[in-house]
There are 4 protein chains.
Amino acid sequence: MAGSSFGHLFRVTTFGESHGGAVGAVVDGVTPQVPLSCEDIQTQLDRRKPGQGFMTTPRNEPDTVQILSGIFDGRTTGTPLIMILYNSDADPSAYDDIKDMFRPGHADYTYFQKYGIRDWRGSGRASGRETAGRVAAGAVAKKLLHQRGVSVLAYTLRAGGVACEEFDPSQIERNPMRACDGKAAARMMDRIAKVMEDNDSVGGVVECRISGIQAGLGEPVFDKLDAELAHAMLSIGAVKGVEFGAGFSAAEMTGSEHNDEMTSDGFLTNNAGGIIGGISTGNEILFRLAVKPTSSIAREQKTTDVSGAERTIVTEGRHDACICPRIVPVVEAMACIVAEDHYKRQAALFG
Amino acid sequence: MAGSSFGHLFRVTTFGESHGGAVGAVVDGVTPQVPLSCEDIQTQLDRRKPGQGFMTTPRNEPDTVQILSGIFDGRTTGTPLIMILYNSDADPSAYDDIKDMFRPGHADYTYFQKYGIRDWRGSGRASGRETAGRVAAGAVAKKLLHQRGVSVLAYTLRAGGVACEEFDPSQIERNPMRACDGKAAARMMDRIAKVMEDNDSVGGVVECRISGIQAGLGEPVFDKLDAELAHAMLSIGAVKGVEFGAGFSAAEMTGSEHNDEMTSDGFLTNNAGGIIGGISTGNEILFRLAVKPTSSIAREQKTTDVSGAERTIVTEGRHDACICPRIVPVVEAMACIVAEDHYKRQAALFG
Amino acid sequence: MAGSSFGHLFRVTTFGESHGGAVGAVVDGVTPQVPLSCEDIQTQLDRRKPGQGFMTTPRNEPDTVQILSGIFDGRTTGTPLIMILYNSDADPSAYDDIKDMFRPGHADYTYFQKYGIRDWRGSGRASGRETAGRVAAGAVAKKLLHQRGVSVLAYTLRAGGVACEEFDPSQIERNPMRACDGKAAARMMDRIAKVMEDNDSVGGVVECRISGIQAGLGEPVFDKLDAELAHAMLSIGAVKGVEFGAGFSAAEMTGSEHNDEMTSDGFLTNNAGGIIGGISTGNEILFRLAVKPTSSIAREQKTTDVSGAERTIVTEGRHDACICPRIVPVVEAMACIVAEDHYKRQAALFG
Amino acid sequence: MAGSSFGHLFRVTTFGESHGGAVGAVVDGVTPQVPLSCEDIQTQLDRRKPGQGFMTTPRNEPDTVQILSGIFDGRTTGTPLIMILYNSDADPSAYDDIKDMFRPGHADYTYFQKYGIRDWRGSGRASGRETAGRVAAGAVAKKLLHQRGVSVLAYTLRAGGVACEEFDPSQIERNPMRACDGKAAARMMDRIAKVMEDNDSVGGVVECRISGIQAGLGEPVFDKLDAELAHAMLSIGAVKGVEFGAGFSAAEMTGSEHNDEMTSDGFLTNNAGGIIGGISTGNEILFRLAVKPTSSIAREQKTTDVSGAERTIVTEGRHDACICPRIVPVVEAMACIVAEDHYKRQAALFG
């Protein structure tokens, strides 16, 4: 199987390179008769698009989505949706100087090893721009989940060594970091501003909550709900780790500390992160992602070129100093796709 | 899709419940003409089987595998292998008292919510015993990978709050913890013995290395090699998190610290854990797993029964106080399955 | 993808060779809580098993099925069913003389070309014996469909040049041909007896009807209900063609003759065979299969051996002179698997 | 699984409705580094496009394809190709009068039963226009197969009751019927002209040959090469049957007549149609398709409307009186997709 599709019953296929003709997604398996508009999609895309703050890339893409199939009279028909975003501010000349070199931390070297050919213009297929298709597809899933009473919320929990100290969802869209703590967000930005002066970048942690999800979703043995969420999350470029509930701290706990005891009112704790045995408990699903620092930095680094010769490289261009705020809508999109897919899988089980 | 299959071109389907007739696996897509014997499988199964040390379950299963198809004259034929292990020491009566109750930390409640029926005998399908089928399938993949020069090694890195301080692979099979540091293993066991006296259990961290793997494996966008490994690892019962290379510590690093610079001799560091952009770099693949403490503890805990009434429960029975040593061969098996599958996917790309 | 699995949400994987340890199937995605017994499976297997009449192979296999997982207290649990039939009357010595030769009409040559190795004992994986696993899986689907009010009926329509002249379903299980016309069955058997004296075999046509199926099943574009039925049917060894409704005779009709007009009581005709645009109309689904004459004949034929040298071969052994009666339960099984899978796919669409 | 994708390793997803924004396809799994141009695709699309002869629809679509991803410097990159054709001559007003009625023979009724909503403009997703995406994808496969020395050729064998009497491939693209016999083509057109005067349509038979294909392709058990070809062919709208080699006439043959004997020069006959046991023999693959008469006829027919009331309908609009010539490139496209996919599957088996 080629790897550009995700999901089984709600199935997303993305296409497109950063500086090719367009990016976008085809979504097959959409519930029919559901009202859906370009605005539903555009709202989410606008959260992902570049140029939102001082630390994000100044690339100027309006990222206006067109839906070319699968909608009739404002409703979904059950046939595939194609959502497409043409590339308008593609500026490949910026990459001319480094087209033969492998930028450290980027997929340049590995794509070349895999395919023997690569579109070196702005990371090509490996560009974060590919995620526009995911966000478009996720917006469809988000709409379907909303009808089920399910909501998905992601936000920056740590960045540049600064941690949120409170969880205030109302703050998230009010600060450029999409942090759940406004004051921490201010400190994060101070830190990032300093790092940017140093031509460097920072990583962080993004957290995600899925609320209102029913108990019983997830397919043991291999397609556990957490396994599929982990798959989805690690498929996002800069993500290097995922943990559910207590996560890695569970390794330091005893069973009596970690087990979530139950009462007739539900679970007393949520160390499991809302998933036990790969199946949702009905509790909030909670997971965190390790986000690596942006690989593109305007500093001299050692690398090699396609001939194997040693070179030094300074990655100019248009980049985000911290990718967390723009990963947030991508995380939500992927979480929505997984959740919607598993609702359909559960329906099929008894269908 | 029902969730009992994994892999695309090297495809594993497991079956079986803890106290049903048998457990095992069907493997489709096996390379033909490869010498394979029951011993190849049994060796790995013996590493997983119960009764290996003081802290593991005393259940007495010889776990002798039979291969009933797919082999002819000692070689694989390319047709499906079925490997089956009959359950001989099934003792469901031990579960009679708690068949209407949901053990905290176990999948009892979630299976019941999902299916409306559950085999309450020893966790049924959610039992760790299901992983015998994975280990059998993984042993086949391990054999194929060995021919490619690839080796996969997992071991306990932390347990009960005790961390390994050195990486000495020769120690791993010499201590019951399967730790990579013999002295740390001794301290782990001391700690676990104390916790067991307290009728409690501990968690830990398992690390895995895939060596000798070629550059270029992994399918962007969604089936990145790390995404599929994460899927595989989170599909193992007690695993609550996964991180690659620097992992969560990458969140605290800057780009100049995290980027793996390249020279003509290869990468100077391996913060990426051998995978960049979802594709193997040729470097060793390195990841760690958070393993939660065993849920079965002989302590009174609050729970509910199938009628929703509040109860208290003490989980007697035969259990591991720390599951890390027995997860090690399962981790290796799943890693082998992913790696072998991706070798075949890469062959198909150019095939 | 290796090719030993079929279906998406009701998913069947078969395993086993004719003279290996066992044959059988794993079925994943079974609706939970459904009463299911070995007898439900055995009844269908008994229709497929050898030794039922003068023109079928005398191989003596009791074909007793064991269900080793997926059942608890007489009900399905939603976890995979494994159904296994051990091979007891395997007599590979009968094949010793021809193990280096390719029997005309058999898959000997093509398996050798594909795999470079083959289990020459009784056709190995290509044996009709593999279909026991399909029939077992189909019996599960048949049970689920029965609850939906859907029934599937196949029968011999033509054999050895003799055609049924009436459709009397009560006759089907009363004659060894499983023909829908008792008198025609007698003439078929006369004809086959003569052909057998001549050490030859005959082909035929099998017809299948799916009744009670709801309108709206089938997934355009590629997974049309007829496309998936065609896939299922052509996956049966001796089947060389399939046609729906008017089938090939539609090629000779005009649009005004072929179109099924509609009234408020339903369709006036069923030239479409119950499927239009790949979706069930609610009318009976009707299709026919071309079944080739059995390839094994005790006559001298030209062939080659593994070294490429020319040889002559007489295929002794235990064979059916006309495979139609034993294909009938396999056709029903595959039709049931497709129908059940599409019920689940439709549930997922709106689920 | 939603049904708009086909193939496993060479994987095609089509999208689009007849009178929506666009139709097209995404192809994932394309071999990298292969020269590919819009012309390669356009050449095949021009064979499918409307307005090629007196008996085809006069809809005026230039059907100019754009490739928006997956190509760099004139070569494939291994990332998904998206090929898109905008709808320019969409004229939905022609369908206003019949938007509440179900045209006999069309998928109007079944789509409505399935989805509860339908795009009634020109058959929507069920339109033959959807096949433009298939032809585009098939053109990519055709290019890859050409490099392997494989060619695929389809043509009209019968239409309106007139049969070809010779097989002259040079004639196929020289007559509007795409018949393999120029004189028969003239008679077919005479016949069709008469039927058109009568406001009626005709069916036919299309034959297809795959030449140069290696022995050993096809995945037993379920994904036999003929099973997958049958799936592909029955997924084409008007196709109601498929037969391989001797096909339905095999039902009338004896084993000694049907078996293809072998010599050191190869098979003496090709009754099997180039596939035995689901695996290619190396002989030419040969199959025929039953094509039903076009459903759209300008004659009064009985039908019902969405409220269930009885109505009469005359299907005006732009239609083909015989669809065979325009199905020919679709048949080739689907055959190419299956063949290329199986080359890759075979590579994976040993890869």
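The values are calculated or read from the model by the stated rules, or taken from the named source; none is laboratory data. None of the values given here were measured: they were computed from a predicted structure. Here the Cβ is made from the backbone with ideal geometry for all residues, glycine too, and neighbour counts use every protein chain on show. Accessible surface is based on the protein model in full, side chains and every heavy atom, while ligands, DNA and RNA are left aside. Shrake-Rupley method; radii C 1.70, N 1.55, O 1.52, S 1.80 Å.
Miscellaneous remarks
- Area of C:Cys38 that stays accessible when all protein chains are in place (1.4 Å probe, Å², to 10): 50 Å²
- Within the range C:184-206, backbone nitrogen closer than 17 Å to the virtual label 7 Å beyond the Cα of C:Thr312 toward Cβ: C:199-200
- A Cβ-based charge dipole, computed about the Cα centre of the protein assembly as shown with Lys and Arg at +1 and Asp and Glu at -1, lands at about 0 debye.
- Taking 20 Å as the straight-line reach from the Cα of D:Lys183, the aspartates and glutamates in range (excluding those fewer than 8 positions away in the same chain) are C:Glu252, D:Glu165, D:Glu166, D:Asp168, D:Glu173, D:Glu207.
- Helix D:38-48 and the longest principal axis of the Cα set of chain D meet at an angle near 60°.
- Backbone N under 13 Å from the B:Asn199 label point (7 Å along Cα→Cβ), restricted to the range B:306-326: B:312-317
- Antiparallel DSSP beta bridges within the range B:5-349, percent to nearest 5: 100 percent
- Considering only alpha-carbon pairs that sit under 8 angstrom and 6 or more positions apart, the relative contact order computed for the range A:180-319 is 31 percent.
- In terms of accessible area, using a 1.4 Å probe and ignoring ligands and nucleic acids, A:Lys292, A:Lys194 rank largest first as A:Lys194, A:Lys292.
- Probe 1.4 Å, all protein chains present, accessible-area order of A:Asp320, C:Asp96, largest first: C:Asp96, A:Asp320
- Nearest-ten-degree value, helix D:225-234 long axis tilted from longest Cα axis of chain D: 10 degrees
- With all protein chains modelled, accessible area of C:Glu173 [1.4 Å, Å²]: 100 Å²
- Mean ellipticity per residue at 222 nm, deg cm²/dmol - from DSSP H runs of n ≥ 4 across chain B, formula -39500 (n - 2.57): -8500 deg cm²/dmol
- Candidates D:Arg121, D:Arg299, D:Arg134: whichever shows maximal mean-square fluctuation once chain D is modelled as a Gaussian network with Cα springs under 10 Å: D:Arg299
- On a per residue basis, chain C carries 29 Å² of accessible surface, using protein heavy atoms and a 1.4 Å probe.
- Folded to 0 to 90 degrees: helix A:182-197 orientation relative to chain A principal axis, Cα: 20 degrees
- Pairing chain C with chain B buries about 3300 Å² of accessible area. This figure sums both sides and uses a 1.4 Å probe.
- Computed over neighbours whose Cβ is under 15 Å from that of D:Phe167, the net charge equals -1, Lys and Arg +1, Asp and Glu -1.
- Close amide H contacts of A:Gly105 (hydrogens built in the peptide plane, cut-off under 5 Å, sequence separation of 5 or more or a different chain): B:Asp260.
- Links that overshoot a 21 Å alpha carbon limit, given the list C:Lys142/C:Lys344; A:Lys49/A:Lys142; A:Lys142/B:Lys240; D:Lys49/D:Lys99; A:Lys114/A:Lys292: A:Lys142/B:Lys240; D:Lys49/D:Lys99; A:Lys114/A:Lys292
- Average beta carbon contacts from partner chains per residue of B:121-129, 10 Å cutoff: 3
- B:Thr43 - accessible surface, heavy atoms, 1.4 Å probe, Å² rounded to 10: 80 Å²
- Prolate/oblate/rounded label for the range B:5-349 (Cα gyration tensor, a/c 1.5): oblate
- The protein assembly as shown - percent of accessible surface contributed by carbon and sulfur, probe 1.4 Å: 47 percent
- With R₀ fixed at 51 Å, the C-beta to C-beta distance from C:Cys38 to B:His146 puts the FRET efficiency at about 0.80.
- Listed residues D:Tyr95, C:Tyr109, D:Tyr86 arranged by accessible area, highest first, probe 1.4 Å: D:Tyr86, C:Tyr109, D:Tyr95
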